[in-house]
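Participant: Can you keep this structure in mind? I'll have questions shortly.
All of the numbers you see were taken from the coordinates with simple rules; none came from a lab. What you are looking at is a predicted structure, and each value in this text was computed from that prediction instead of being measured. Here the Cβ is made from the backbone with ideal geometry for all residues, glycine too, and neighbour counts use every protein chain on show.
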Amino acid sequence: MAVRHFLTLMDLSSEELNQVLQRAIELKAMQHRHEVYEPFKNQVLGMIFEKSSTRTRVSFEAGMAQLGGSAIFLSPRDTQLGRGEPIEDSARVLSRMVDIIMIRTFDHASLELFAQYSQVPVINALTDDFHPCQLLADMQTFLEQRGSIKGKTVAWIGDGNNMCQSYMNAARQFGFQLRIAAPEGFDPKPEMMTKCQGHVTITRSPEEAVAGAHLVVTDVWASMGQEEEQKERERKFKGYQVSEQLLDLADPEVLFMHCLPAHRGEEISMTLLDDPRAVVWEEAENRLHAQKALMEFLLKEAQQ
């Protein structure tokens with residue numbers, strides 16, 4: 001059986017994604033009850049980081065430890081990848097030594113190349129194009145708080161970045177309507193719009209996007225690697241801040257999410273994270289549980 005990878009949400013079926021979410025909720029309850037569950041003793045997660053991280057590193061490393069395994073952190077300074085070794089050679093070697101690999105990098109094509117030559121499952125822990133692990137956590141959070149997201153309306157406010165494009169895939173896989181409010185010039189990639197026809201609409205008005213929405217989501221205006229554009233982006237994204245007043249236009253039961261870190265006073269108002277409609281801390285915790293469920297799914301598939 002060919003090894004399964006998780007490079008985007010499209011690598012699992014809708015049914016499999018929902019199975020992972022239900023399992024994440026079960027694993028969360030077990031962890032909160034302090035139950036010991038260690039199915040992956042003597043198994044190793046290789047963690048390759050070319051971008052810095054807080055939530056991703058801690059959630060994967062803690063998750064693998066809780067499952068009875070161990071994790072190895074590898075930065076560009078720690079591997080030959082940082083010294084020019086071909087990606088396919090690194091993939092061939094590392095995948096003979098560890099049981100599963102997660103990669104947080106810039107170029108999505110590099111991740112795809114690594115996965116092509118890996119003998120073990122590879123997880124996308126963020127690229128410039130997609131952040132599917134965050135979407136598992138977000139979908140788990142909505143499921144816990146409000147039930148199924150199928151048929152609901154989600155509003156994305158801000159840059160058409162990797163998070164936005166992951167929400168586009170989620171709209172297809174989980175069956176919701178996504179409204180994207182982005183300034184001119186910051187839309188998601190045209191090919192993504194083509195793939196997501198019927199699930200996604202674009203507007204220049206945050207108010208129009210949020211009207212009646214059941215979930216509102218945003219991200220920083222300048223992602224990692226775009227720091228030099230910060231001032232210009234602040235000017236162009238003026239008017240795209242998510243505030244309590246903007247949420248008032250949404251459904252009365254609306255939830256607000258942000259993948260963090262958040263820049264208060266920029267993409268969100270200073271006090272939005274204190275609003276009861278904001279579930280960002282639950283969302284952040286669910287990275288741990290969703291990724292444990294994902295690793296369990298992929299490792300079990302690999303062992304069949």
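Participant: Sorted from fewest to most neighbouring beta carbons within 10 Å, what does the list 221, 281 look like?
Facilitator: Sorted ascending by nearby Cβ count, the order is 281, 221.
Participant: For the residue pair residue 201 and residue 116, what label-to-label distance in nm results when each label sits 7 Å from Cα along the Cα-to-beta-carbon direction?
Facilitator: The two pseudo-label positions are separated by 3.9 nm.
Participant: Report Rg/Rh for segment 134-283, rounded to two decimals, where Rg is the Cα radius of gyration and Rh the Kirkwood radius.
Facilitator: Reported Rg/Rh (Cα atoms, Kirkwood Rh): 0.93.
Participant: What 222 nm value per residue comes from the helices of the chain, counting each DSSP H run with n ≥ 4 as -39,500 (n - 2.57) and dividing by all residues, nearest 500 deg cm²/dmol?
Facilitator: Dividing the helical sum by the residues of the chain leaves -12500 deg cm²/dmol.
Participant: Right, here's the next one. Can you check how the C-alpha radius of gyration of segment 1-149 compares to 2.2 N^0.38 Å, as a plain ratio?
Facilitator: 1.06
Participant: How much length would be gained if the chain were fully extended between residue 211 and residue 300, taking 0.36 nm per residue of separation minus their Cα-Cα distance, in nm to one decimal?
Facilitator: 27.8 nm
Participant: Would you mind getting me the FRET efficiency between residue 184 and residue 148? Use the beta-carbon distance for r and R0 = 30 Å, nearest 0.05.
Facilitator: Approximately 0.30, to the nearest 0.05.
Participant: Okay, next question. Among 67, 133, 122, pick out the residue whose Cα is farthest towards the positive end of the charge dipole of the chain, where Lys and Arg carry +1 and Asp and Glu carry -1 on C-beta, about the Cα centre.
Facilitator: 67
Participant: Neighbour counts of other C-beta atoms within 10 Å: give me 259, 196 arranged from fewest to most.
Facilitator: The most exposed by this proxy come first: 196, 259.
Participant: Still on this model: Among 59, 110, which comes first, then next, by fewest other beta-carbon atoms within 10 Å?
Facilitator: Exposure proxy ranking, most exposed first: 110, 59.
Participant: Another one. Would you mind working out the magnitude of the charge dipole of the chain relative to its Cα centre, with +1 at each Lys and Arg C-beta and -1 at each Asp and Glu C-beta, to the nearest 20 Debye?
Facilitator: I would put it at about 480 debye.
Participant: Continuing with the same structure: Among the listed pairs 195/300; 28/152; 150/236; 236/292, which have their C-alpha atoms separated by more than 28 angstrom in this model?
Facilitator: Correct reply: 195/300; 150/236; 236/292.
Participant: Taking only the alpha-carbon atoms of the chain, what semi-axes of the equivalent ellipsoid follow from 5 times the gyration tensor eigenvalues under a square root, in whole Å, largest first?
Facilitator: Its equivalent ellipsoid spans semi-axes of 32, 22, 18 Å.
Participant: Using a Förster distance of 35 angstrom, determine the FRET efficiency expected from the C-beta separation of residue 93 and residue 273, and round it to 0.05.
Facilitator: Here the calculated transfer efficiency is 0.25.
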